[in-house]
Every structure is written in structure tokens, then in C-alpha cells.
1. Kindly indicate whether any position in the stretch 275-282 is part of a loop (DSSP other than H, G, I, E, B), over 30 Å from R143 (Cβ atoms) and more than 16 Å from the ligand (Cβ to nearest atom).
2. Examine the stretch 210-232 for a residue that is of a type in the set (F, W, Y) and either in contact (Cβ under 8 Å) with a residue 40 or more places away in the chain or more than 30 Å from P90 (Cα to Cα) (or both), and state whether such a residue exists.
3. Pairs needed: first member in the stretch 169-195, outside any loop (DSSP other than H, G, I, E, B); second member anywhere, within 16 Å of the ligand (Cβ to nearest atom) and hydroxyl-bearing (S, T, Y); C-beta distance under 7 Å; at least 6 residues apart or different chains.
4. Which of the residues spanning the stretch 212-238 are in a loop (DSSP other than H, G, I, E, B), within 8 Å of the ligand (Cβ to nearest atom) and buried (at least 18 other Cβ atoms within 10 Å of the Cβ)?
5. Out of the residues in the stretch 310-365 meeting the condition of being acidic (D, E) and more than 8 Å from the ligand (Cβ to nearest atom), tell me which one is farthest from Q386 (Cα to Cα).
6. Conditions: (1) surrounded by fewer than 22 Cβ atoms within 10 Å (Cβ to Cβ); (2) over 17 Å from the mean Cα position of the chain (by Cα); (3) within 11 Å of the ligand (Cβ to nearest atom); (4) of a type outside the set (S, T, N, Q). A261 meets all but one. Number of the miss?
7. Report the residue count in the stretch 287-309 for those that are in a loop (DSSP other than H, G, I, E, B), within 16 Å of the ligand (Cβ to nearest atom) and over 20 Å from T195 (Cα atoms).
8. Of all residues in the stretch 156-168 being without any contact (Cβ under 8 Å) to a residue 60 or more places away in the chain and over 12 Å from A18 (Cβ atoms), which is surrounded by the fewest Cβ atoms within 10 Å (Cβ to Cβ)?
Amino acid sequence: MTPLEGKNVVLGVTGGIAAYKACELVSRLRKAGAQVYVIMTQHACQFVAPLTFETLSNHPAVTDTFARPETWEVEHIALAKRADVFVVAPATANILAKMAHGIADDMLSTTVLATKAPVLVAPAMNTGMWENAATRENVKLLRQRGIRFIGPEGGFLACGDTGAGRMSEPKDIFAEITNILHPRLDMEGLRVLVTAGPTQERIDPVRYISNRSSGKMGYAIAEAAAKRGARVTLVTGPVSLSVPEGVEAVKILSTQDLYDAMTARCPDTDIVIQAAAPADFAPATVAEQKIKKQGDGDLVLTLRQNPDVAAQVGRLKRPGQVLVGFAAETNDVLKNAAAKLQKKNLDMIVANDVTAPGAGFDVDTNIVTFVTQEKQETLPCLPKTQVAEELLDRAMMIFQKQKR
Ligand code: PMT
């Protein structure tokens, strides 16, 4: 018996070219034994014929043609109740806006509003639409309400642009559906401490030194660990992401704040994962007033070295504890990473070349090499959510080994 045998998946398909990929998703779900009920918006019907989904799902595809208004009420409530999981793939900016604001003006938006099942959304749209402030706000609202997202991925889009907006691959959406219906709770009871984001080092009341870390890597790790049952504390620099469900957040600004937060918490933790990008240097003095220009002269700032948080966490390491760090490199990536593994007393370091396209700061993907005393393993370019799972798999292996 497969994990999806007998499960009811309601799949909402909206109007985008990625609708053709939803056919493969239906096929995978059916092969895994799930019952799939497809709801298509009118625009979706312009891209793929309902007959395709009907044939693949073996159920009528519900469309927005209002062909059978007498069954409307019954149908949307029935499907909303029947769903073990509700998936919207592809999800346009339009359906995200409707979901965020409770608009129910067609079969899909009505049914998704009525459901109590977990909802997974796989956005697909032009990069400009994805990055638009309205869409950003809608996504934030939906995440805060517990709606799960997968993707979008970066790459070449059907409209000719290159950027974020490609729907995640059907195999990844399938894996996420399986995960929602059968969460892997292999980290249940473990205490996990994760760091994410940049630090800010004040120069004067209006200026600071910082870097381009968005927090995406660390937040993905915190979210994945929480879903796997861990009690997660996320020590986070200033970023614009929402704290994942079930995660305790500790907000910090400077590397010294990070040091204080981490040294206080690491003794009570089983696994520590440091994905933050703390500033190595801070202004030696912070001006009390905004620094003014002095004629045409240059401004010379003296920077002092910040504490190395990971190195101190390494000194405090207790037996059985697993410490994972990251190495953000621009040259001699593996050599530098191996040196940091030693210096910071880590069990594993995740090396990323932050100059490689699709890797490092701010993007949704990463290209990493897991470096331990024994081996080095390089993964292809993957969504940060998937890198997070791979990282946790390896951290768990080290944890189990140390327990033996
Ligand atoms: O946040 P994103 O936009 O998703 O980008 C992800 C990332 C590029 C920030 C992430 O993948 C990453 O590489 N994080 C580590 C960044 C960094 O500071 O690397 P580093 O090589 O300078 O530091 C090595 C390790 O020591 C890191 O675990 C770092 O958290 C830690 N460190 C560094 C300096 C310092 N003063 N104290 C520390 O604890």
C-alpha cells in the first residue's frame, strides 16, 4: 500500500501555461492510489481541455461554466469536505489575491474558501507579477494563515523572461503532498537551533553595515525541521520573511546580539544549524548623531572584529550535540570550508559558492557541498526547501551515529 492509497486530493487548476504540468501531477497521484478531483477555472480550460483531466483522474473535471447551477452549492461543499489535501497548481496571481481576500466568485475560489483541509499552492506566473508588492503581500497573508507554498522556481519562463515564476516540477509537488499527508516525524522531541539572515552593524542612527542575506536558506531549514517534529528556535537577523508555523523566533540585529542569543541557547540544543551571515566587522564607535559631510573629505571608518559566534558555539559543544555551519565562499570554496569545519569545531559545513548563478544570497535555490571529516558531497542546483531537507537528513545521520 502506498502512502496516498485512498486519499482524496482536490486539485484546483488555474489559467497558466503550467496547467499542462498539472496533468502529470494527476497521473502521478493516481498511480500512487489517490482519488483526484479536479476543479478548473474558465481560464484553465483555455490551456488544457477538461477531458484531459477527466481521463487522467477518472472523475468529471468541475469547471466554471455554470452548466449545472443546481449542483453548485452541493458540489463545492462536498469537494471541500472530501479533500484530505487541497492543491492549487498552477496558482496564478489572481487566485492568490482571491484566496488572500476571501473572494469566492467561481467554483475553485468558493471551494478553497470552504475547505478545512491543508492547502498547498504552487504559484506560476511572470516574474514581475510574482515580485509585485500586491502579490508579495497576498503571499505573506496566506502563509500567515497556514497556507503552504511550493515554489515558484527560477528559470526561463514561457513569456520569454528569466526569473522566479516557474511552477515547481510535478514530482516535487507530489513529494510535498505525500509529506503533508504523512509527515515524516523523525525529529520529534529534538531541540533544534537555527540562525538565519544578515546582521546590521550601526555606524550612526541612520546607517549600518550589512550584507545581502535574505534569510531564505535558514528559514527553509527551520520550517523543514519543525515539520519533521523538532522544537525549533530560529535566531534571525532582519529579513522580510514570515516566521514558519510552529517555530519560535528570536530577533537580533548585530553579531553581538547573535552571540548573546546563541551562547545562551546552544547548551540546551541537540542540533545547531548556522545559516546566518553575521558581519565579521563592526564600526569601532557608533556616532550618536548622523555623521555629516566634512567639506569634500573622505570618511574613514575604523572597524573592529566581531566575535565569531560559530567558533564560540563550537567551544561550548557538548557530547552528542551536532553542529552544522555554512561557508559562504567566492574562491577556493572547499579548501576554505574544510578550514572552517576545523576552526569552528563543526560536525558538518555546508559550502556554497555565493558567486555561482542560482546559489547563495537571496535566490530561491542553492548549490551546496556537504563537507564532513570523512567526505564531501555536492548536490545539483535545488530549491532551498529541498537543500534544507537534504541537510537535515545528514544532520540526523550524524546525530544517530553519535548516540550509538
Ligand atoms: O539568507 P540567504 O539569502 O538565503 O542566503 C544564504 C546564505 C548565502 C547566507 C547561506 O547559504 C550561507 O552561506 N550562510 C553563511 C554565511 C556566512 O557568514 O558564511 P561565513 O563563511 O562567513 O561563515 C562561516 C560560518 O560561521 C557560518 O555558519 C556563519 O553563520 C558563522 N559565522 C560567521 C561570522 C561570524 N562572525 N560568526 C559566525 O558565527
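1. Step one: list which residues in the stretch 275-282 are part of a loop (DSSP other than H, G, I, E, B), which gives 275-276, 278-280.
Filter once more, so that each one left must be over 30 Å from R143 (Cβ atoms): 280.
Narrowing the set further to residues that are more than 16 Å from the ligand (Cβ to nearest atom) leaves none.
No; the residues of the stretch 275-282 include none that is part of a loop (DSSP other than H, G, I, E, B), over 30 Å from R143 (Cβ atoms) and more than 16 Å from the ligand (Cβ to nearest atom).
2. no
3. R191/T269; V192/T269; L193/T233; L193/T269
4. Of everything in the stretch 212-238, those that are in a loop (DSSP other than H, G, I, E, B), within 8 Å of the ligand (Cβ to nearest atom) and buried (at least 18 other Cβ atoms within 10 Å of the Cβ) turn out to be S213, S214, G215.
5. This residue is D332.
6. (3)
7. 0
8. Of everything passing the filter in the stretch 156-168, G160 is surrounded by the fewest Cβ atoms within 10 Å (Cβ to Cβ).
Bear in mind these aren't lab numbers, they're just calculated from the coordinates by the rules spelled out. Everything numeric in this text was worked out from a predicted model, so none of it was measured. Virtual Cβ from ideal backbone geometry, glycine too; neighbours counted across all protein chains shown.
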